[in-house]
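Okay, so here's the structure we're looking at.
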Amino acid sequence: MSAIRSVAIAGASGDLGTPVLNALIESNKFNITVLTRHSSKARFPDTVRVIPVDYNSIPELTAALNGQDAIHPLRIQRRCGQSQGSTLPIYQSKIAVHKALQAKAAENPAFTYTLVRHGPFLDWGLRAGFFVDFRTDIPPFYDGGDRPFSTTTLATIAKAVVGVLTHFDETKNRPVYVHDLVTTQRQVYTIIQKLAPERKWNPVDVSTAELEAKAREEWAKGNTDLPSIVGLLCRAVFAEGYGGEFKKVDNELLGLGFKTEADLEEVVKAVLGDSL
């Protein structure tokens with residue numbers, strides 16, 4: 001394939017799908033088709049084609065994807081097959097999908113894939129209190145709060161998707177790694193303290209190993225909602241040996257820069273300013 005021109009996107013009204021769709025449109029490089037559920041009430045710009053589909057219907061998906069060069073997303077999280085993170089149950093289905101993609105690409109040279117591994121969402125994670133739960137007087141520091149981890153804003157991930165689609169040969173059949181910056185819980189906490197000097201918190205140390213054990217119990221019971229499995233996510237991001245910090249990234253290849261500590265403070269201020 002010489003270049004990707006026609007791109008289909010599923011989940012285009014979601015937290016990540018919306019900025020990805022906007023980045024695709026703003027790039028002015030693609031013919032865009034949005035796939036939606038038949039029941040969806042979401043509205044999209046007139047510049048994109050919208051096709052309602054039943055995601056369980058192979059005939060409908062086949063018809064909708066006919067003539068498309070690429071589809072986004074297949075949600076493969078960044079830790080699949082990476083260090084101890086691959087042992088966590090939340091990633092097993094994603095690892096299986098990755099293996100299926102590898103097998104399909106080996107069978108058919110015309111089929112390719114790219115995984116975008118980006119760490120936890122920076123802005124979403126701040127808003128949700130995942131990095132530092134500023135909503136409680138006793139926010140948890142996971143395993144001490146000093147473990148460096150890579151993190152990326154939704155907007156940068158969207159730009160990375162465009163970068164992948166415009167660098168087809170360099171990114172096919174492999175994961176690409178991106179991040180805005182590497183930080184720690186304590187660094188984020190220091191910024192929050194600076195922005196809200198009148199507020200007082202008393203952080204407490206929480207073991208990610210204990211959180212993992214509790215989450216595995218819930219998983220075994222069939223409880224897979226976010227409150228039940230968040231301990232697995234904390235283990236993956238904040239525990240030693242789980243690949244939370246990317247040592248090498250593809251930002252330069254994809255045309256992405258990096259955020260500084262000052263930029264991080266601006267993101268924290270923009271996301272949490274009214275809530276502190």
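The values are calculated or read from the model by the stated rules, or taken from the named source; none is laboratory data. Please read these numbers as outputs of a predicted model, since none were measured by experiment. All Cβ positions, glycine included, derive from the backbone under ideal geometry; neighbour counts span all protein chains shown. Surface areas here come from the heavy atoms of the whole protein model, side chains and all, with no ligands, DNA or RNA. Shrake-Rupley method; radii C 1.70, N 1.55, O 1.52, S 1.80 Å.
What the table shows:
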quantity	calculated
Filter result (in a loop (DSSP other than H, G, I, E, B) and of a type in the set (A, V, I, L, M, F, W, C)) within the stretch 221-251	Ala239, Phe246, Val249
Enumerated helices (runs of 4 or more DSSP H) restricted to the stretch 138-213, each holding at least 2 residues that are modelled with pLDDT of 95 or more and either touching a Pro at 6+ places or on another chain (Cβ under 8 Å) or polar (S, T, N, Q) (or both)	154-165, 185-195
Scope the stretch 242-266; condition touching an Asp or Glu at 6+ places or on another chain (Cβ under 8 Å), within 20 Å of Ile191 (Cβ to Cβ) and surrounded by fewer than 18 Cβ atoms within 10 Å (Cβ to Cβ); matching residues	Phe258, Asp263
Of residues in the stretch 85-112 being hydrophobic (A, V, I, L, M, F, W, C) and either closer than 18 Å to Val237 by Cβ or outside the structural domain of Ser228 (by the TED database) (or both), the one surrounded by the most Cβ atoms within 10 Å (Cβ to Cβ)	Leu88
Residue that is surrounded by the most Cβ atoms within 10 Å (Cβ to Cβ) [pool: residues in the stretch 116-137 that are aliphatic (A, V, I, L, M) and part of a loop (DSSP other than H, G, I, E, B)]	Val132
Failed item, numbered, when Asp143 is tested on (1) at positive phi; (2) in contact with a Leu (Cβ under 8 Å, 6 or more places away or on another chain)	(2)
From the options Gln193, Gln185, residue that is open to solvent by less than 60 Å² (accessible area, probe 1.4 Å) and of a type outside the set (A, V, I, L, M, F, W, C)	Gln185
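Per-residue answers, yes or no, for (1) in contact with a Ser or Thr (Cβ under 7 Å, 6 or more places away or on another chain); (2) of a type in the set (Val, Ile, Thr); (3) assigned by the TED database to the domain that holds Gly255:
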{"position": "Arg117", "(1), (2), (3)": "no, no, yes"}
{"position": "Phe130", "(1), (2), (3)": "no, no, yes"}
{"position": "Arg135", "(1), (2), (3)": "no, no, yes"}
{"position": "Ile138", "(1), (2), (3)": "no, yes, yes"}
{"position": "Asp143", "(1), (2), (3)": "yes, no, yes"}
{"position": "Ala155", "(1), (2), (3)": "no, no, yes"}
